[in-house]
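This report concerns only the one structure given below.
The values are calculated or read from the model by the stated rules, or taken from the named source; none is laboratory data. Please read these numbers as outputs of a predicted model, since none were measured by experiment. Here the Cβ positions follow ideal geometry from the backbone for every residue, glycine too, while neighbour counts run over all protein chains shown. All accessible areas refer to the heavy atoms of the entire protein, side chains included, with ligands and DNA or RNA removed. Shrake-Rupley method; radii C 1.70, N 1.55, O 1.52, S 1.80 Å.
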2 protein chains.
Amino acid sequence: MTHTQTLANFAAQLRFDQIPVDVIRRTEDLFLDWYGSALAGRGARPVETIHKLAFEFGPSFGPCEVLTSRRTTSSFFAALVNAAASHFAEQDDLHNSSVLHPATVVFPATLAVAQSLGRSGKEFLTACVAGYEVGVRVGEFLGRSHYKTFHTTGTVGTLAAAAAVGRLLNLDGEQMLHAFGSAGTQAAGLWQFLKDAADSKQLHTAKAAASGLFAAYLAAEGFTGAVDILEGEKGMGAGMSDQTHPDKLVDRLGTRWALAETSFKYHASCRHTHPAADALLQIIERNALKPDDIERVVTHVHQAAIDVLGPVVNPQTIHQAKFSMGTVLGLVSAYGHAGVREFDAHYASPDIARFRDKVRMELDPEVDSAYPARWVGKVTVTTKDGRTLEGRVDDPKGDPGNTLSRAELEHKVRTLALYADAATEAEVTESIGKIWAIAEAKVVPSLLASRNPENRHV
Amino acid sequence: MTHTQTLANFAAQLRFDQIPVDVIRRTEDLFLDWYGSALAGRGARPVETIHKLAFEFGPSFGPCEVLTSRRTTSSFFAALVNAAASHFAEQDDLHNSSVLHPATVVFPATLAVAQSLGRSGKEFLTACVAGYEVGVRVGEFLGRSHYKTFHTTGTVGTLAAAAAVGRLLNLDGEQMLHAFGSAGTQAAGLWQFLKDAADSKQLHTAKAAASGLFAAYLAAEGFTGAVDILEGEKGMGAGMSDQTHPDKLVDRLGTRWALAETSFKYHASCRHTHPAADALLQIIERNALKPDDIERVVTHVHQAAIDVLGPVVNPQTIHQAKFSMGTVLGLVSAYGHAGVREFDAHYASPDIARFRDKVRMELDPEVDSAYPARWVGKVTVTTKDGRTLEGRVDDPKGDPGNTLSRAELEHKVRTLALYADAATEAEVTESIGKIWAIAEAKVVPSLLASRNPENRHV
């Protein structure tokens, strides 16, 4: 039996009662966190464009909700739009060692299909866990060399979505393997867009969720895919990675819960900026510094941070600024947090640009060798009065060792929803209630579409 | 200006009156040939599955026809299904040096959008030419190392479809560049499925046509893509090829018409089998051999033939048999042609299996170095009575130097349509009339959907 078959069997056979209760609770946390990110995409031009085309090419009504607009459509298009929306604000979760953002691909596909088929909350949660466990392991299998050129969330996300939807469709192990095959052969997403601050990031997650969903439905209908899409000599590993890690595919299945290793994002920026942001904040707080006290900042980073953030020298848009180490550190130094509101108001201000130019990245062997299992923050600040100050954070805020509480998550989600004018305080409260109670739901409920009077069918 | 920008400008600015009349006539030939291939997919399990899901996830009615069922839907789903259908029978066209099957991705997307927007026949033909010219050049750019792992028609086909639809949407050069960016970052399709005779091939073309169409519509709405998706350091060339050929991207734009270099398929099998099939036929005809006279056949082939056909040792399905060199030569030796009917009736017969086991492939340096610009057929037959006979074909039937006449194309299309029970003789005749007159059509007409009484809206 191949590793891929073992992983497919695991995903197909996963049962709610096999999953530890703290992993279920964390899945609910991640779901709420995702809900906030999805609402935060409301009004963003790339998201609205994908929304417009979804209703041009897809049905105008259906069993599945689009969170940003409260409209309904088929599962394929609801997954497409919700996945685009939830990857816009750079607030969605991240699994460190796979460098995969699982929520933005797993929840859109699974929520849509659960709503389409009237599945229970327990079935929904089980499917989401299957998606996380598969996605993380495939991401670790493809490794760092894949991530150098490919946007892992776009590529691997297709398999994560297929695994989750496949579980919800009750695929058997063989069908699940075919779903993996059809997902892997649709997997796409290149980093080239970063250089131009182009809109591809939302397209990647949109397509990953929809294509993964499509792969699972194909498999349910008997459509076959390559049985060794990951390790085969013309498969993903061969074509899209220079060094794979086959053992990762089956790493402690059923005992290691990769989902619980997933980090929440505290800052609204690329996760590669967070360790340095928290380490800088540590120095600033311990030494009571003001931005103008700082002469120079050196961030000691892993290579992937340089690869992803290095090209962004003079960010032209908010979204690009989220990939500018200097901008993020500038916001943190001035406001203590680089959240959606700080970016909106200040990303292009002269003060922040001035701070940005004080920051540089240096490859650090210790940080680089710890990555991607650990994302260590190490920063050296030189002050104008000549001091050299060192900061270090081993668990950036949001990492499993320094996670967000339910109260902090609720606060984050409220902030995002109100920021995007996507829901009222009361509506968010109602959604939070539904999400904390999801494990007991007989049928996964509509979160917001039922509040749209046009949706009498929901 | 980058090569990609130059190519995008060419596609955006191409005008009907710039295209030589023989190239227009050949476009009509290729369109008719494609129509036959699309009908030939009717009833094929993978095609019907994609059809079923298209109507589950997409609208039940729309301005665009699905040829196999005569139903209508949105352009996205019509492109998806027609592209799946037209790549099933292994009868669709092939451009040699790019190893791209352009028709199966270009025509579905362009026909659907032309029907959706009510475009003229001239606009339709111009857009199709743009799609072929772009697709071929991108395929040549990515080269042989890409084709080793990736199904070029799936990957590059996404850009070809985007270019064609982009032209139909009247994108300007900059928008076209963004369409290329959004297409390239969706490009996918791995050869791994061949080993299992899995159904991915139709999924690849379906997704290429639909994703390319989506990319062009995104660009029309202002959605941006990477501006250097081909040559950029995290683009398709970097991630999906070991050796690119940048000059090919702009090779004689406006004077070299790559569309006219496209080959029609005479046999209903993988094109890599055709040169050897024709060379064997030459030996058989010249020497009046019967299959049982033959002791052994050595085909002298290019490496890609070994890569694609080599894994198929004991084909289990008709579709897999189309990738078995021995099966194809067996059919040719017994029936003089490996067409859809010969495959259906005899692919699994003991006689053919016995012949199959007499055939082996050997890498030939001369054939390999001519490839992919030329697909040379070289075969050595050893007869049971001890003779050694050599056959050689420099232009396999269907290649530009040995092309099919309009009468031969009409015959091929009738055969395919009747074979699949997809249209009557009279209906095919009517469609042929519409296609030969397409350049004068004020609006691209429905080919078959108007004959479905449920489609009063067409």
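Give the residues of segment A:345-371 that are buried (at least 22 other Cβ atoms within 10 Å of the Cβ), aliphatic (A, V, I, L, M) and part of a helix (DSSP H, G or I), sorted by residue number.
Within segment A:345-371, A:Ile352, A:Val367 qualify.
Please count how many residues of segment A:247-295 are within 30 Å of A:Gly386 (Cβ to Cβ) and open to solvent by 10 Å² or more (accessible area, probe 1.4 Å).
Within segment A:247-295, residues that are within 30 Å of A:Gly386 (Cβ to Cβ) and open to solvent by 10 Å² or more (accessible area, probe 1.4 Å) number 14.
Looking at segment B:408-443, which of the residues that are of a type in the set (Gly, Ala, Ser) and not in a helix (DSSP H, G or I) is farthest from B:His267 (Cα to Cα)? Steps first, answer last, please.
Going residue by residue through segment B:408-443, those that are of a type in the set (Gly, Ala, Ser) are B:417, B:420, B:422-423, B:426, B:431, B:433, B:437, B:439, B:441.
Next cut, not in a helix (DSSP H, G or I) only: B:420, B:422-423, B:437, B:441.
Numbers: B:Ala420: 16, B:Ala422: 20, B:Ala423: 21, B:Ala437: 27, B:Ala441: 32 Å.
Among residues in segment B:408-443 that are of a type in the set (Gly, Ala, Ser) and not in a helix (DSSP H, G or I), the one farthest from B:His267 (Cα to Cα) is B:Ala441.
Just one of the numbered conditions (1) β-branched (Val, Ile, Thr); (2) within 9 Å of chain A (Cβ to nearest Cβ); (3) within 26 Å of B:Asp33 (Cα to Cα) is not true of B:Thr262; which one?
Exception for B:Thr262: condition (2).
Regarding segment B:138-155, can at least one residue be identified that is away from chain A (no Cβ under 14 Å) and in contact with a strand residue (DSSP E or B) (Cβ under 7 Å, 6 or more places away or on another chain)?
Checking segment B:138-155: at least one residue is away from chain A (no Cβ under 14 Å) and in contact with a strand residue (DSSP E or B) (Cβ under 7 Å, 6 or more places away or on another chain).
I'm told B:His178 meets every condition in (1) open to solvent by less than 10 Å² (accessible area, probe 1.4 Å); (2) within 12 Å of chain A (Cβ to nearest Cβ); (3) in a helix (DSSP H, G or I) except one. Can you identify the failing condition by its number?
(1)
Step by step: first the residues of segment A:198-221, then only those that are touching a Pro at 6+ places or on another chain (Cβ under 6 Å) and in a helix (DSSP H, G or I), then the one that is nearest to the other protein chains (Cβ to nearest Cβ). Which residue is that?
In this case the residue turns out to be A:Gln202.
Taking segment B:416-445 on its own, how many of its residues are among the hydroxyl-bearing types (Ser, Thr, Tyr), under 22 Å from the mean Cα position of the chain (by Cα) and either modelled with pLDDT of 95 or more or exposed (fewer than 14 other Cβ atoms within 10 Å of the Cβ) (or both)?
Total satisfying the criteria: 1.
Only one residue in A:Ser69, A:Ser60, A:Ser75 is in contact with a strand residue (DSSP E or B) (Cβ under 8 Å, 6 or more places away or on another chain) and surrounded by fewer than 23 Cβ atoms within 10 Å (Cβ to Cβ), so which one is that?
One residue alone meets the criteria, A:Ser60.
Could you check segment A:372-401 and list, in sequence order, the residues that are at positive phi and either in contact with a strand residue (DSSP E or B) (Cβ under 7 Å, 6 or more places away or on another chain) or in a strand (DSSP E or B) (or both)? Please lay out each step first, then the result.
Step one: list which residues in segment A:372-401 are at positive phi, which gives A:386, A:398.
Within segment A:372-401, A:Gly398 is the sole residue that qualifies.
So, B:Lys195, is that one open to solvent by 10 Å² or more (accessible area, probe 1.4 Å), within 12 Å of B:Gly157 (Cα to Cα), assigned to a helix (DSSP H, G or I) and within 9 Å of chain A (Cβ to nearest Cβ) or not?
No: the conditions fail for B:Lys195.
Does A:Pro20 fit the bill of being open to solvent by 20 Å² or more (accessible area, probe 1.4 Å) and either more than 14 Å from chain B (Cβ to nearest Cβ) or modelled with pLDDT of 95 or more (or both)?
Values: open to solvent by 20 Å² or more (accessible area, probe 1.4 Å): yes; either more than 14 Å from chain B (Cβ to nearest Cβ) or modelled with pLDDT of 95 or more (or both): yes.
Yes; evaluated as a whole, the condition is true for this residue.
Here are the criteria: (1) over 11 Å from the mean Cα position of the chain (by Cα); (2) open to solvent by less than 10 Å² (accessible area, probe 1.4 Å); (3) more than 27 Å from A:Arg45 (Cβ to Cβ); (4) not basic (Lys, Arg). Tell me which single one A:His95 does not satisfy.
(1) is the only condition that A:His95 fails.
Just one of the numbered conditions (1) away from every other protein chain (no Cβ under 14 Å); (2) free of Cβ contacts under 8 Å to residues at least 60 places away in the same chain is not true of A:Ser60; which one?
Looking at each condition in turn, A:Ser60 falls short on (1).
What about B:Pro453, is it surrounded by fewer than 21 Cβ atoms within 10 Å (Cβ to Cβ) and either under 30 Å from B:Val47 (Cβ atoms) or in contact with a helix residue (DSSP H, G or I) (Cβ under 6 Å, 6 or more places away or on another chain) (or both)?
So B:Pro453 fits the description; yes.
Could you run through segment A:227-241 and say how many residues are within 8 Å of chain B (Cβ to nearest Cβ) and either in a loop (DSSP other than H, G, I, E, B) or over 26 Å from the mean Cα position of the chain (by Cα) (or both)?
7
Take A:Glu342 and decide whether it is surrounded by fewer than 20 Cβ atoms within 10 Å (Cβ to Cβ) and closer than 23 Å to A:Gly391 by Cβ.
So A:Glu342 fails the test.
Checking the conditions here, which among A:Thr244, A:Thr224, A:Thr185 is surrounded by 21 or more Cβ atoms within 10 Å (Cβ to Cβ), away from every other protein chain (no Cβ under 12 Å) and among the hydroxyl-bearing types (Ser, Thr, Tyr)?
Details: A:Thr224 fails: away from every other protein chain (no Cβ under 12 Å); A:Thr185 fails: away from every other protein chain (no Cβ under 12 Å).
The conditions single out A:Thr244.
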